[in-house]
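First up is the structure itself, then whatever we jot down about it.
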Amino acid sequence: MNIVVTNDYKEMSIQSAKFIVKNLLKDNKKISIGLATGNTPTGMYEVLIPIVNLGIFDDRIFYYNIDEYCNIDLNKNGTCKKYLLDNFYNKVSIKEQNIYFLDELNYKNYDSVISDFGGFDVLILGIGKNGHIAYNEPGTSFNSLTHIQELSIESKRQHEEDFGSIENVPEKAVTIGIKTIMNSKSILLMASGKEKAEIIKKSLKGDINEQVPASVLQLHPNLHVVLDKEAASLL
Ligand code: PGA
């Protein structure tokens with residue numbers, strides 16, 4: 001595990017984008033990238049946009065979201081699709097056929113789509129305050145593939161602002177599984193702010209168990225963690 005501690009959110013965003021760009025330029029072949037959504041990666045997308053628009057990645061890169069809410073119009077605020085359109089896809093020149101939207105209707109063949117690449121080449125993850133990664137909530141099997149997940153009250157609270165109120169947060173989400181995550185060739189975990197310090201410590205230094213989904217990342221051979229100093233403060 002490689003941990004980079006930065007001074008602030010801006011530097012975390014720059015360092016994260018740098019890691020992604022390096023990985024996207026590594027091989028001259030088709031590359032898959034799994035994209036996190038949420039407050040954490042927004043600044044990183046801002047850094048990435050002008051770089052993608054230089055055209056240096058051409059059409060070899062295929063972009064995937066890694067979770068999505070269920071039973072909701074995907075054009076509404078709060079969904080992962082809307083987030084990625086607003087913060088990334090609508091601002092870059094990427095061909096439509098290079099963008100794949102995971103949702104509750106197509107999730108059953110998602111692992112086979114990703115396994116055609118031999119797993120994600122690069123997977124970007126944020127972390128929930130309860131240790132969820134993508135939307136794998138505490139208690140999810142480390143053997144899970146892409147599945148539908150009931151959301152915990154902690155996760156709903158964490159994302160209530162995205163939907164206007166907690167009542168509007170969907171009950172369920174489709175998410176890549178822990179096994180899908182661990183099959184990735186390289187993983188970038190990002191976290192910022194003191195409210196993430198406790199879960200970062202538990203996940204990276206604590207016991208590895210299914211009650212703390214992110215703890216499984218300790219077992220990944222190519223994990224790169226970028227934190228701001230507040231999120232790293234308990235390490
Ligand atoms: P956040 O969400 O980046 O908005 O904190 C992370 C997550 O819930 O996985």
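Write down the accessible area per residue of the range 158-235 in Å², having rolled a 1.4 Å probe over the full set of protein chains. Present the calculation step by step, with values, prior to reporting the outcome.
On the way: 3400 Å² over 78 residues.
That works out to 44 Å² for each residue.
Hey, which lysines would be in cross-link range of residue 91, C-alpha to C-alpha under 16 Å, not counting anything within fewer than 8 residues on its own chain?
81, 82
How high is the relative contact order of the range 107-174? Use alpha-carbon pairs under 8 Å, at least six apart in sequence, and give a whole percent. Don't skip to the answer; put the middle values down first.
Details: 59 pairs, mean separation 20.1, N = 68.
Once normalised by length, the contact order is 30 percent.
Contact order normalised by length for the chain, with contacts defined as Cα pairs under 8 Å and 6 or more residues apart; what percent is it?
Numbers: 475 pairs, mean separation 62.3, N = 235.
In percent, rounded to a whole number, it is 27.
Give the residue from 221, 87, 211 lying farthest towards the positive end of the charge dipole for the chain; charges sit on Cβ (+1 for Lys and Arg, -1 for Asp and Glu) and the dipole is referred to the Cα centre.
About the Cα centre, the residue reaching furthest to the positive side is 221.
Out of the total accessible area of the range 62-106 (probe 1.4 Å, heavy atoms of protein only), what percent is carbon and sulfur?
Values: 1010 of 2230 Å².
That share works out to 45 percent.
Rounded to the nearest 500, what is the chain's calculated 222 nm mean residue ellipticity when only DSSP H runs of at least 4 contribute -39500 (n - 2.57) each, over all residues?
On the way: 8 runs with 65 residues, N = 235.
Using -39500 (n - 2.57) per qualifying helix, the result is -7500 deg cm²/dmol.
Hey, can you grab everything whose amide H is under 5 Å from the amide H of residue 61? Only 5+ residues off in sequence or another chain; H modelled, so Pro and N-termini drop out.
31
Magnitude of the Cβ-charge dipole of the range 89-212, K/R +1 and D/E -1, about the Cα centre, nearest 20 debye?
500 debye
Taking Cα pairs under 8 Å and at least six residues apart, what relative contact order does the range 83-220 come out at, in percent? Before the final figure, lay out each step's value.
On the way: 200 pairs, mean separation 41.1, N = 138.
Normalised by residue count, the contact order of the range 83-220 is 30 percent.
Taking the Cα centre as origin and putting +1 on Lys and Arg beta-carbons and -1 on Asp and Glu beta-carbons, what dipole magnitude results for the chain, to the nearest 20 debye? Could the numbers behind the result be given before it?
Values: 25 positive and 30 negative charges, 150 e Å.
Taking the Cα centre of the chain as origin, the dipole is about 720 debye.
Cα gyration tensor of the range 164-235, axes a ≥ b ≥ c as square roots of the eigenvalues: rounded (a/c below 1.5), prolate (a/b > b/c) or oblate? Spell out each step's value before the answer.
On the way: a/c = 1.80, a/b = 1.14, b/c = 1.58.
Note, shape of the range 164-235 comes out oblate.
Non-local amide H neighbours of residue 3 (under 5 Å, H modeled in plane, Pro and chain starts lacking H): which ones?
225
Once Lys and Arg get +1 and Asp and Glu get -1 on their Cβ, which of 74, 37, 62 lies farthest toward the positive end of the dipole of the range 1-94?
Result: 62, furthest along the dipole toward the positive end.
How many angstrom lie between the Cα centre of the range 2-67 and the Cα centre of the range 166-223?
Here the answer is 18 Å between Cα centres.
Report for the chain the percent antiparallel among DSSP-assigned beta bridges with both residues inside it, nearest 5. Before the final figure, lay out the partial values.
On the way: 8 of 30 bridges.
Once the DSSP bridges in the chain are tallied, antiparallel ones form about 25 percent.
Are there any helices in the chain, counted as whole DSSP H runs, that stretch 20 Å or more along their axis by Cα and score at least -1.0 on average by Kyte-Doolittle, and if so which?
Values: long enough: 9-24 (22 Å, -0.10).
Those that clear 20 Å and a mean of -1.0 are 9-24.
Among the lysines, which fall within straight-line cross-link reach of residue 194, defined as a Cα-Cα distance under 18 Å, with same-chain neighbours fewer than 8 residues apart omitted?
Output for residue 194: 10, 129, 202, 205, 229.
So, counting K/R as plus one and D/E as minus one, what does the shell of residues with Cβ under 11 Å around residue 121 add up to? Working shown, then result.
Working: positive: 26, 29, 30, 60, 185; negative: 27.
Neighbour charge sum, excluding residue 121 itself: +4.
The values are calculated or read from the model by the stated rules, or taken from the named source; none is laboratory data. Since we're looking at a predicted model, the values are computed, not measured. Neighbour counts run over all protein chains shown; Cβ positions are idealised from the backbone, glycine included. With ligands, DNA and RNA removed, areas are computed over all heavy atoms of the protein, side chains included. Shrake-Rupley method; radii C 1.70, N 1.55, O 1.52, S 1.80 Å.
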